[in-house]
Amino acid sequence: MTYDARQIANWFVTRAQREGKTLSIMSLLKLTYIAHGWHLETQGTPLFSNRIEAWQYGPVIPEVYSDFRKQGVAVKSPVTTVPNCMFHPNDEALLDQIWEIYGKLPAFRLSDMTHVANGPWDVASRMGGSYAKIPDELIQGHYVELRKKAEAAAHD
């Protein structure tokens, strides 16, 4: 099932609220992007259909940015511009894993992780400039490589 990226972002906002936390807009954008990347790697399909662009400070999903940025830098509540949805159990499990692994990292650490040399943001920026589309194929290839590196490191 493919979602709207704002539904994924709402999931992270709600999860943070349950733990008494507030996400910054930067953290929210990065978590949503990372979840999409790992979904492409594990399922072979997009988690959401929204366009991802290479902005100056990293990958951005414009609809997530514009809808949540109205709350300021700190995102306090889900947006109502998209309907609530029931997540497929596999997708919910993936979002839980993303939260457990990445949800506690500082926004700038998440940002650094999405700015790596020759990563999707870097390649799209160099090829198309600011606001260039970051294709799912680039994102998927990057996360496939991350998995391979992690598996190789686990066997060393």
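Here's the yes/no breakdown for (1) assigned to a helix (DSSP H, G or I); (2) surrounded by fewer than 18 Cβ atoms within 10 Å (Cβ to Cβ); (3) at pLDDT 95 or above; (4) in contact with a strand residue (DSSP E or B) (Cβ under 9 Å, 6 or more places away or on another chain):
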{"residue": "Arg6", "(1), (2), (3), (4)": "yes, no, yes, yes"}
{"residue": "Leu28", "(1), (2), (3), (4)": "yes, no, yes, yes"}
{"residue": "Trp38", "(1), (2), (3), (4)": "yes, no, yes, no"}
{"residue": "Thr45", "(1), (2), (3), (4)": "no, yes, yes, no"}
{"residue": "Asp67", "(1), (2), (3), (4)": "yes, no, yes, no"}
{"residue": "Gln71", "(1), (2), (3), (4)": "no, yes, yes, no"}
{"residue": "Cys85", "(1), (2), (3), (4)": "no, yes, no, yes"}
{"residue": "Ile101", "(1), (2), (3), (4)": "yes, yes, yes, no"}
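Scanning for something under 15 Å from the mean Cα position of the chain (by Cα), over 17 Å from Lys21 (Cα atoms), among the hydroxyl-bearing types (Ser, Thr, Tyr) and assigned to a helix (DSSP H, G or I), does the stretch 108-121 turn up at least one residue? Yes, the stretch 108-121 contains a residue that is under 15 Å from the mean Cα position of the chain (by Cα), over 17 Å from Lys21 (Cα atoms), among the hydroxyl-bearing types (Ser, Thr, Tyr) and assigned to a helix (DSSP H, G or I).
In the stretch 128-156, of all residues being touching a strand residue (DSSP E or B) at 6+ places or on another chain (Cβ under 9 Å) and exposed (fewer than 11 other Cβ atoms within 10 Å of the Cβ), the one that is farthest from Leu31 (Cα to Cα) corresponds to Gly129.
Taking the options Glu151, Glu92, Glu63, name whichever one is in contact with a helix residue (DSSP H, G or I) (Cβ under 7 Å, 6 or more places away or on another chain) and outside any loop (DSSP other than H, G, I, E, B).
On inspection, the qualifying residue turns out to be Glu63.
Taken over the stretch 73-83, the criterion of being under 22 Å from Ser49 (Cβ atoms) and either out of contact with any strand residue (DSSP E or B) (no Cβ under 9 Å at 6 or more places or on another chain) or part of a helix (DSSP H, G or I) (or both) is satisfied by Pro78, Val79, Thr80, Thr81, Pro83.
Residues that are of a type outside the set (Asp, Glu) and either closer than 19 Å to Ile8 by Cα or not in a helix (DSSP H, G or I) (or both) within the stretch 122-136 comprise Gly129, Ser130, Tyr131, Ala132, Lys133, Ile134, Pro135, listed in sequence order.
Checked against (1) among the aliphatic types (A, V, I, L, M); (2) over 28 Å from Ala16 (Cβ atoms); (3) part of a helix (DSSP H, G or I), Ile139 passes all but a single condition, namely (2).
Screening Arg109 against (1) buried (at least 21 other Cβ atoms within 10 Å of the Cβ); (2) farther than 22 Å from Ser130 by Cβ; (3) not acidic (Asp, Glu) leaves a single unmet condition, (1). Look at the stretch 135-156: where a residue is touching a residue at least 40 places away in the same chain (Cβ under 8 Å) and a partner is surrounded by 10 or more Cβ atoms within 10 Å (Cβ to Cβ) and assigned to a loop (DSSP other than H, G, I, E, B), sitting 6+ places away or on another chain with Cβ atoms under 7 Å, you get Asp136/Pro46; His142/Gly119. For the residues Thr81, Thr45, the requirement of being in contact (Cβ under 8 Å) with a residue 60 or more places away in the chain and under 15 Å from Ala5 (Cβ atoms) singles out Thr81.
The values are calculated or read from the model by the stated rules, or taken from the named source; none is laboratory data. This structure is a prediction, so every number in the text was calculated from the model and none was measured. Methodologically, a virtual Cβ is constructed for each residue, glycine included, from the backbone with ideal geometry; neighbour enumeration extends over all protein chains shown.
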